[in-house]
Amino acid sequence: MAANHHQILKTFGANLRQLRNEKGLSQRDLYALCNIDNAEISRMENGEVNVTLNTLAQLAEALDIPAYLLLRQ
């Protein structure tokens, strides 16, 4: 179970980084859009932090994407 949880965090982080880059945004830009500290964004992108549904929604809104894209395999 723990390995699967770790993989979900890594997948989420990779998706976040890819989608942010596709939008041409830096971590600082994303911070400005959703008020999530860029150090925290870095930790998310590295799969080091478990995000809440509220954070997931904030990120999706800031990136102007459906939230499920951050979770896709």
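The values are calculated or read from the model by the stated rules, or taken from the named source; none is laboratory data. This one's a predicted model, so the numbers in the text were calculated from it and none came from an experiment. Cβ sites come from the backbone with ideal geometry, for glycine too, and all protein chains shown count toward neighbours.
Structural remarks
- Only one entry of 69, 56, 33 meets the criterion of being among the aliphatic types (A, V, I, L, M), surrounded by 12 or more Cβ atoms within 10 Å (Cβ to Cβ) and either in a loop (DSSP other than H, G, I, E, B) or without any contact (Cβ under 8 Å) to a residue 24 or more places away in the chain (or both), and that entry is 56.
- Selection within region 16-62: residues that are among the basic types (Lys, Arg) and within 10 Å of the chain's Cα centre (by Cα). The member of this set that is nearest to residue 5 (Cα to Cα) is 43.
- All positions within region 36-53 that are of a type in the set (Asp, Glu), at pLDDT 95 or above and assigned to a loop (DSSP other than H, G, I, E, B): 48
- Test: residue in region 23-39 that is over 15 Å from residue 65 (Cβ atoms) and in contact with an Asp or Glu (Cβ under 8 Å, 6 or more places away or on another chain): yes
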